[in-house]
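Report on the following structure.
Here, each number is a calculation from the coordinates, and none is a lab measurement. Bear in mind the structure is a predicted one, so any value in this text is a computation, not a measurement. All Cβ positions, even for glycine, are placed from backbone atoms using ideal geometry, and neighbour counts span all protein chains on display.
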Amino acid sequence: MRKHTPGPWRYEYEPGYNGELIASNGTVIAEFISEPRPPNARLIAAAPELLKALHGLITGAEAMGWNTKKARAAIAKATGEQR
């Protein structure tokens with residue numbers, strides 16, 4: 001399994017140039033030919049924090065007897081464990 005580039009990520013776009021999704025270490029994760037809709041760009045940039053938060057919630061949820069099947073499936077999809 002390939003590990004994702006650690007967050008936080010940020011999205012930068014300047015009119016007339018390509019947009020970029022950039023990791024905290026300066027790695028360009030993705031380039032956008034045109035500006036994506038701002039809600040999509042924010043969601044993509046928040047992906048590492050969302051994944052980390054979901055991992056953290058699962059432990060507490062399982063301790064309370066909650067079903068975490070959908071959360072685990074989402075993590076598997078995001079990390080490439082499920083195709």
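For region 17-33, just list the computed ³J(HN,Hα) in residue order, Karplus coefficients 6.51, -1.76 and 1.60, θ = phi - 60°, integers in Hz, with x standing in for Gly and Pro.
Taking θ as phi minus 60°, the curve returns 10, 6, x, 9, 9, 10, 7, 4, 8, x, 5, 7, 7, 8, 10, 10, 5 Hz for region 17-33.
Sort LEU57, LEU51, LEU21 so the one with the fewest other Cβ atoms within 10 Å of its own Cβ comes first.
LEU57, LEU51, LEU21
Report the one residue of THR68, GLY56, GLY16 whose Cα lies farthest in the direction of the positive end of the charge dipole of the chain (charges on C-beta: Lys and Arg +1, Asp and Glu -1; origin at the Cα centre).
So the residue we want is THR68.
About the Cα centre, and with charges only on the beta carbon of Lys, Arg (+1) and Asp, Glu (-1), how big is the dipole of the chain? Nearest 20 debye, please.
520
So for the chain, considering every pair of alpha-carbon atoms, how many percent are separated by more than 19 Å?
49
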